[in-house]
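J.: Below are the structure tokens for one structure; questions will follow.
The values are calculated or read from the model by the stated rules, or taken from the named source; none is laboratory data. Quick caveat: nothing in here was measured; it's all calculated off a predicted structure. Cβ atoms come from the backbone with ideal geometry, glycine included; neighbour counts cover every protein chain shown. When the accessible area is computed, the model is the full protein with side chains, heavy atoms only, and any ligands, DNA or RNA have been set aside. Shrake-Rupley method; radii C 1.70, N 1.55, O 1.52, S 1.80 Å.
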Amino acid sequence: MISRRNMLRIGLGASAAGAIGGSVSALAASPSAPAPAAAGPVTPFRVPLPVPPVLSPVRRSRSVDFYEITARPSRAEILPGVATDVLTYNGSLPGPTIRARAGRRVVVYHRNRLEDPTALHLHGGKVGQRSDGGLMRYQVSPGRRRRYAYPNRQAGATLWTHDHAHHVAAEHVYRGLSGVYLLEGEGERALGLPSGRYDVPLVIRDSHFDDAGQLVWKMDDAMNRTTLTVNGKPWPYMRVEGRKYRFRLVNSCNLRIFLLTLSDGSPITQIGSDGGLLAKPYENPMLVLSPGERADVVIDFSRYEPGTELVLKNLMGPGPTEQVGQLMRFDVGEPVPDPSTLPERLTTLPDLPEPTAERTITMDMKHDSASGTHHGLIDGKVFDPERIDTTIPFGTTEMWTVTNNDKTLPHNFHTHLVNFRLVERDGNPVDASESGFKDTFLLFPGRSAKLLVTFDSHRGVFPYHCHMLDHAAMGMMAQMEIV
Ligand code: C2O
Ligand code: CU
Ligand code: CU
């Protein structure tokens, strides 16, 4: 159950709960719903958690690591014994992990072996418009290749790569085109956080399978995407040693919002969010992760008896609790020597900048009953790749008030190019989990938030959108030009 305190924390205040009563219960995991027919039910915690491979550079120069990533169809065993058609980066699901270091550039040669155009987006990366993946004119046609350059001049963070092709990104990401990009910050190593094989990405997805075990792609199909996977496997288990681990949680779902807890009721120690480390670790009683958001967490398994089975639970629907109520299980082993540390101070966040301009942004969904279709709107308009919606002078700091005007649907807000600081949610200070650098945040119906953002890395045209990608595909996207 979602406690009142936690509802308030995540911006789902009492009044909002009243106003959206119907949809809140639709969102809650339902204990009695029947399990849908699928390619045989999956028994949870039977498959070990795989860790996506770390990609090796094809070449290194003094200041640059060069990589090759090919988008291509492949098959993957997601459900036991079934080969599912998927789209992959380099044949792997999820895609391979790039490990980058702040101050050292990365160049990715991205080859398109799909039937559609593709574009590679480094979500959370401060990159120029030609390498951002967000502009139609820089897409990669089938059979072609494109060079993406990532400066890595920003704080260390859990970033991720995903497809951003116009109109088809939602389907491409759904079918598998995403991967993790771990940017190590300057001085991060000296913190002594768990590293190497104790620093593990956990990429969370939900899927809808047909009876033959193939992925069903239908827009706005969250209700039926009830098979949850971590790193490409449904409800896996992970054998862990009795020591600290660092986990990089990435919500790569198109629509699903997670409220994550541990089955023993202990809080999750969060050390970072989208754009990097928090100032200090935060004992988070319930981790909220909407599509596109990341959380950097540490779990110390030495506090459990060997043999303990610790489940990472999810309190939010839609879907039957037996399915969507849990993600994976940690099977705790013997204690081992642990040289890693969890410092009390992780980083120094800069003072909040002074805004020189204010702006309001609204998000909404419109149902067109004549055609039976939904349109996603930002400031009342459906996305038009030819239109610039917002013009911003380079170097300025702005205060944006973003409001979800929808009466029933949650949305979330993501900007390319910049990290921002959330300063207020409906007049209240933000939760510690959102006190660091962010690039994506959730807004329940009727809610609003204020953010401070400085445009000082690149000029050019970049999108901002709802990261519930089905909504973005329905038009809930706009463009800003930094001039
Ligand atoms: Cu992950 Cu346009 O974003
Ligand atoms: Cu992005
Ligand atoms: Cu949305």
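J.: Rolling a 1.4 Å sphere over the protein heavy atoms, what is the accessible area per residue of segment 30-140, to the nearest Å²?
T.: Heavy-atom SASA per residue in segment 30-140 reads 47 Å².
J.: So, R0 is 30 Å and r is the distance between the beta-carbons of A190 and S63; what FRET efficiency does that work out to, to 0.05?
T.: 0.85
J.: How do 85-93, 468-476, 135-143 rank on mean C-beta neighbours within 10 Å, highest first?
T.: Ranked by mean Cβ neighbours within 10 Å, highest first: 468-476, 85-93, 135-143.
J.: Counting only DSSP beta bridges with both residues in the chain, tell me the antiparallel percent, nearest 5.
T.: 70 percent
J.: Using a probe radius of 1.4 Å on heavy atoms only, what accessible surface per residue do you get for segment 202-270? Whole Å² is fine.
T.: 26 Å²
J.: Filter the chymotrypsin sites (Phe, Trp or Tyr not before Pro) in segment 388-483 down to the DSSP loop ones having no more than 13 other Cβ atoms within 10 Å, then list what survives.
T.: Listed in order of number, the matching sites are F394.
J.: Right, next: How big is the convex hull of the Cα atoms of segment 266-387, per residue, in Å³?
T.: 198 Å³
J.: Per DSSP H run of at least 4 residues, take -39500 (n - 2.57); add these up for the chain, divide by its residues and hand me the 222 nm value, nearest 500 deg cm²/dmol.
T.: Dividing the helical sum by the residues of the chain leaves -1500 deg cm²/dmol.
J.: Still on this structure: At R0 = 51 Å, how high is the FRET efficiency between E334 and R145 if r is their beta carbon distance? Nearest 0.05 is fine.
T.: After rounding to 0.05, the efficiency reads 0.60.
J.: Please compute the per residue accessible area over segment 279-387 with all protein chains in place, 1.4 Å probe, rounded to a whole number of Å².
T.: Heavy-atom accessible area per residue stands at 49 Å².
J.: A follow-up question, please. Roughly how many percent of the accessible protein surface of segment 369-435 is carbon and sulfur, given a 1.4 Å probe and a whole-percent answer?
T.: In segment 369-435, the share of accessible area belonging to carbon and sulfur is 52 percent.
J.: Per-residue counts of other Cβ atoms within 10 Å, averaged by peptide: what ranking do you get for 423-434, 167-178, highest first?
T.: In descending order of packing, they fall as 167-178, 423-434.
J.: Normalise the Debye intensity by I(0) for segment 323-457, one equal point scatterer per Cα, no solvent, then take log10 at q = 0.11, 0.12, 0.21 Å⁻¹ and round to two decimals.
T.: -0.58, -0.66, -1.33
J.: Taking N as the number of residues in the chain, what is its alpha-carbon radius of gyration divided by 2.2 N^0.38 Å?
T.: 0.91
J.: Something else about it: Would you mind telling me the share, in percent, of accessible area of segment 56-208 contributed by carbon and sulfur at probe 1.4 angstrom?
T.: Exposed carbon and sulfur together represent 42 percent of the surface.
J.: Roughly what would the spin-label model give for S369 and V382, points 7 Å off Cα along C-beta, in nm?
T.: Output for this residue pair reads 1.9 nm.
J.: Using a 10 Å cut-off on Cβ atoms, rank the peptides 285-294, 234-243 from the highest mean neighbour count down.
T.: Final packing ranking: 285-294, 234-243.
J.: Using r as the Cβ-Cβ distance of A357 and R105, and R0 as 56 Å, what FRET efficiency do you calculate, to the nearest 0.05?
T.: 0.95
J.: Provide Rg and Dmax in Å for segment 96-196, with only Cα atoms included in the calculation.
T.: 14.3, 45
J.: Check the straight Cα-Cα distances from K366 and name the lysines below 25 Å, setting aside those fewer than 8 residues away within the same chain.
T.: Cα-Cα hits under 25 Å: K218, K381, K407, K450.
J.: For segment 151-249, evaluate the Debye formula with one uniform point scatterer on each Cα (no solvent term) and list log10 I(q)/I(0) at q = 0.16, 0.23 Å⁻¹, rounded to two decimals.
T.: So the normalised log intensities are -0.85, -1.24.
J.: At 0.36 nm per residue, minus the direct Cα-Cα distance, what do S56 and V216 gain on full extension? Give it in nm, one decimal, please.
T.: 54.3 nm
J.: By how many nm would the segment from T70 to V423 grow when fully extended, if each residue of separation counts as 0.36 nm and the alpha-carbon distance is taken off?
T.: Length gained between T70 and V423: 123.1 nm.
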